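Undergrad: First the structure, which I've put down as structure tokens, then a few questions once you've had a look.
The values are calculated or read from the model by the stated rules, or taken from the named source; none is laboratory data. None of the values given here were measured: they were computed from a predicted structure. Here the Cβ positions follow ideal geometry from the backbone for every residue, glycine too, while neighbour counts run over all protein chains shown.
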């Protein structure tokens, strides 16, 4: 898979993970997230995923 195609599944996975607290917040008062919380969580998830992709793409051996 080319490196240019990898961010799309990463973004999709981040959106799926962010949808969990969004859906739970609709049904309970236990999860109170503002828009800023979702933006920050999205930045953290995407940042971690992009760092992982960078590490994988620069690794010399695919086994590690």
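Undergrad: Report, by residue number, each residue of region 16-36 that is within 17 Å of the chain's Cα centre (by Cα) and without any contact (Cβ under 8 Å) to a residue 12 or more places away in the chain.
TA: 16, 19, 20, 23, 35, 36
Undergrad: Checking the condition surrounded by 12 or more Cβ atoms within 10 Å (Cβ to Cβ) and either assigned to a helix (DSSP H, G or I) or at pLDDT below 90 (or both), which residue from 56, 23 passes?
TA: Of the residues listed, the single one that is surrounded by 12 or more Cβ atoms within 10 Å (Cβ to Cβ) and either assigned to a helix (DSSP H, G or I) or at pLDDT below 90 (or both) is 56.
Undergrad: With the requirement that a residue be without any contact (Cβ under 8 Å) to a residue 24 or more places away in the chain and within 30 Å of residue 24 (Cα to Cα), what does region 42-64 give you?
TA: 43, 44, 47, 48, 51, 52, listed by residue number.
Undergrad: Among the candidates 40, 51, 18, single out the residue that is in a helix (DSSP H, G or I) and either surrounded by 14 or more Cβ atoms within 10 Å (Cβ to Cβ) or in contact with a strand residue (DSSP E or B) (Cβ under 6 Å, 6 or more places away or on another chain) (or both).
TA: 18
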